[in-house]
1. Using θ = phi - 60° and the Karplus relation 6.51 cos²θ - 1.76 cosθ + 1.60, list the HN-Hα couplings for region 159-164 in order, rounded to whole Hz, with x at every Gly or Pro.
2. So for the chain, taking the charge dipole from beta-carbon charges (+1 Lys/Arg, -1 Asp/Glu), which of 358, 274, 413 sits furthest toward the positive end?
3. With Cβ to Cβ distances under 14 Å as the rule, what net charge do the other residues near residue 300 carry (K, R +1; D, E -1)?
4. Taking amide H positions as placed in the peptide plane 1.01 Å from N, state which residues far from residue 204 in sequence (5 or more) or on other chains have amide H under 5 Å from it.
5. Would you please put 132-138, 100-106, 343-349 in order of how densely packed they are, using the mean number of other Cβ atoms within 10 angstrom per residue and starting with the highest?
6. Which trypsin sites (Lys or Arg not before Pro) in region 218-287 sit in a loop by DSSP (not H, G, I, E or B) and have at most 14 other Cβ atoms within 10 Å of their own Cβ?
7. Explain nothing, just the number: dipole magnitude of the chain about its Cα centre with +1 on each Lys and Arg Cβ and -1 on each Asp and Glu Cβ, in debye rounded to the nearest 20.
8. What accessible area per residue, rounded to a whole number of Å², is obtained for the chain using a probe radius of 1.4 Å?
Amino acid sequence: MSGTDNLKKKRAAMAGVVLLLVGSLVMLKYVNFGINTVNGIAGIFGSEEAVLTGFKFMVPLGISFYTFSILGYVIDVYNGIAVPQKNFFKTALYGMYFPSILSGPILRYREDGEQFFTHHPFNYREVTFGLQRMVWGFFKTLVISERMRFVVDTVYGNYGDYPGAYIWLATVCYAFQLYTNFSGCMDIVLGMSQTFGLKLPENFETPFFAKNISEYWRRWHITLGVWMKEYVFYPLLRTGVFTRLSKNMRERFGKKRGKQLTTFLAMFVLWFSVGIWHGGDWKYVIGSGLLHWFYIVSGELLTPFFNKFMEKLHIDPKKRWVDVLRMLRTFFLVNIGFVFFRADSAADAFYMLKGAVSVWNAVILFDGSVFTLGLDFIEFTIAIVSLLILFAVSVMQQKESVRERIEKKKLPVRWIIWYALLFYTILLGNYGPGYSAAEFIYQGF
């Protein structure tokens, strides 16, 4: 068999597998997105009845996570940068590893795969560190996230009665609910894996300390960002279409601006993909995708003007207070996206944002009305204290691993710290009727 024939067979095999995986994902998650979009457009032009009828599917939990892990493996094997695994069960173990099957992280076989098939002897330190991280994850999910949920569900469930400051308060609570839920899940997954001797990739790195949106996405859902850049963004720029487009843009607008415009277009595809990965709904496409594309593009275009502005005012951009303002600005912009992410639809999100800026009443922050949103004074105090603990640990984590810092303490001190956290979580974790401790927000993606 000639090399050309062999290459054709490899391409056909790769294309077939990719088509099967992507086709299954599109059918289960996105076919109704297209149908609903068509029906929505038809409604705008006066159609009172749905043009197309949607489908009802039972979508497997976490399908987007393990589909991307397996897709990356297939593409890497085809490109010759990963050694193919010929044992089907080993491949299945990598692709369907049970702790990460619900919410990730998204794995890359060439970096994470081989450790699943090697012997891992018992290691007391790794087991101890893994259990400690799991306790920290349960603290974030049960103590913080579930308390934030009450405020968020109260306001977002009846947003017409809660304009202005209520919406902003609930949105900030949702930012912490989502972060502590998702990162807490990752702590549990990575901690459990560490007890097995497995080192999975980190998915969060204190994202709310980011000073701009690009940095935020290098800290939030890290494995998704890495996957999208490696398998969508860079391959897209290398296609013939974008190569020709880049050439035309450079000839028309100059080398620097032409390259920048081509990159912005590829970024549009990237961020649309990031948005729709979260779900087949325009609220995800906008809130987790295109809105962040707009932020990043605007930031790049306006940076020279901001630099000149700060220079004229003699403001040192390296000052700590400037970094704090940048963090607050980034957190505010991210929260606008969270309104879309949490709202029932994109239309509801726009309505809520309109109410948030057109009707303002900050009295709830001072007259006790805040305690009518699902948390009484005691519960609200527990939430604030827990958030302060999270903040303090996050600050310390910037310099050194907190677990390693505690490890250096004397045995009684170590036991006091970890047992205090354990019983704090057990006693103050949010349990009750109608509550399911097995639910993670991102397991539906």
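The values are calculated or read from the model by the stated rules, or taken from the named source; none is laboratory data. If you're wondering where the values come from, they're calculated on a predicted model, not measured in any experiment. For neighbour counting, all protein chains shown are included, and Cβ atoms are generated from backbone atoms with ideal geometry for every residue, glycine included. Keep in mind that these areas ignore ligands, DNA and RNA; they rest on the heavy atoms of the full protein, side chains included. Shrake-Rupley method; radii C 1.70, N 1.55, O 1.52, S 1.80 Å.
1. Once rounded to whole Hz, the list reads 5, x, 9, 10, x, x.
2. 274
3. Here the charged neighbours net out to +2.
4. For residue 204, whose amide H was placed from the backbone, the distant partners under 5 Å are 222.
5. Going from most to least packed, we get 100-106, 132-138, 343-349.
6. Here the trypsin sites (Lys or Arg not before Pro) that fit, given the DSSP loop and packing criteria, are 238.
7. 2020 debye
8. Value returned for the chain: 55 Å² of accessible area per residue.
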